[in-house]
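The values are calculated or read from the model by the stated rules, or taken from the named source; none is laboratory data. Quantities reported herein were computed from a predicted structural model and do not represent experimental measurements. Note: ideal-geometry Cβ built from the backbone for every residue, glycine included; neighbour counts use all protein chains shown. Each accessible area value is taken on the protein alone, full model and side chains, heavy atoms only, with ligands, DNA and RNA left out. Shrake-Rupley method; radii C 1.70, N 1.55, O 1.52, S 1.80 Å.
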Amino acid sequence: MKIILFRLTKYLLIFLVVCLVFVLNYIFFAWFLSRLTTTPKDYKCDKPYTVYATSNGVHMDLIFHKSLLDEAFLVQLQPIEGDYIAIGWGDKGFYLHTPSWAELKISTAIAAGFLPSKTLMHLTHYKYLNSKWKSIELCDEQLAAMKKFVYESFKYDKKGTIQILEGTGYRDNDFFYEAKGNYTCLYTCNIWVNQALKKASVKTAIWSPFDRGILRHLSK
């Protein structure tokens with residue numbers, strides 16, 4: 001019995017040390033790589049379009065004026081007032097079961113961080129422009145590349161239609177749709193935004209799972 005307890009204790013300590021090393025390395029590389037800036041293609045063109053980025057302190061969204069989005073995409077969305085649409089990608093369980101940080105469960109956090117999980121697109125409609133949003137100026141090619149990345153993040157049915165989850169929004173102006181891809185600590189909601197910026201050849205972080213690592217580049 002003592003031998004069994006000794007082995008269990010030994011394996012538990014090894015597990016805890018491995019977890020600690022992983023967490024410390026994760027934090028270090030998140031800090032280090034978020035300070036390195038990408039070197040995207042430099043478009044020598046006018047940039048008449050403005051897309052915005054915002055964060056609630058943890059999670060980032062990209063915000064488009066309706067006029068910048070394709071009509072074929074807009075007609076599939078829930079009709080609601082508002083000229084601006086915020087689009088985010090994230091963990092399905094986190095989105096649906098954690099409307100506020102007060103309702104965060106340890107099981108949800110662990111599943112979202114360490115297990116590949118299903119994802120959703122979260123769309124929020126706004127009537128007015130918010131002065132706190134970070135503006136991103138784009139030319140035609142950049143806007144097209146960003147929209148292509150966003151559209152391809154949605155999961156479509158056999159008819160080519162995006163799939164809404166009825167009755168799952170937090171308020172009257174937001175909705176959830178099925179998404180492609182899996183959420184892990186190596187590919188978070190903020191990394192999705194960062195990838196969109198990379199696709200559009202916008203200077204951003206090399207890699208950043210946290211919002212601040214991306215926003216610091218948009219502030220320059």
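Key figures for this structure:
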| read-out | value |
| --- | --- |
| Condition check for Lys158: farther than 22 Å from Lys66 by Cα, touching a strand residue (DSSP E or B) at 6+ places or on another chain (Cβ under 9 Å) and at pLDDT below 95 | no |
| Single residue of Leu165, Leu197 found to be among the aliphatic types (A, V, I, L, M) and modelled with pLDDT under 95 | Leu165 |
| Selected residue (criterion: surrounded by the fewest Cβ atoms within 10 Å (Cβ to Cβ)) from residues of the stretch 148-161 that are under 24 Å from Gly57 (Cα atoms) and not aromatic (Phe, Trp, Tyr) | Ser153 |
| Counted residues, the stretch 192-220 - those being open to solvent by less than 70 Å² (accessible area, probe 1.4 Å) and either within 22 Å of Asn182 (Cβ to Cβ) or in contact with a His (Cβ under 7 Å, 6 or more places away or on another chain) (or both) | 15 |
| All positions within the stretch 77-91 that are of a type outside the set (A, V, I, L, M) and crowded, with 16+ Cβ neighbours inside 10 Å | Tyr84, Gly88, Trp89, Gly90, Asp91 |
| Hits in the stretch 124-137 (condition: among the small types (Gly, Ala, Ser) and either assigned to a strand (DSSP E or B) or surrounded by 13 or more Cβ atoms within 10 Å (Cβ to Cβ) (or both)) | Ser135 |
| Selected residue [in contact with a strand residue (DSSP E or B) (Cβ under 9 Å, 6 or more places away or on another chain), closer than 20 Å to Tyr177 by Cα and open to solvent by 50 Å² or more (accessible area, probe 1.4 Å)] from Phe94, Phe64 | Phe94 |
| Strands (runs of 3 or more DSSP E) fully within the stretch 1-96 counting 1 or more residues that are closer than 18 Å to Ser219 by Cα and at pLDDT 90 or above | 49-55, 60-65 |
| All helices (runs of 4 or more DSSP H) inside the stretch 138-220 with 2 or more residues being free of Cβ contacts under 8 Å to residues at least 24 places away in the same chain | 189-199 |
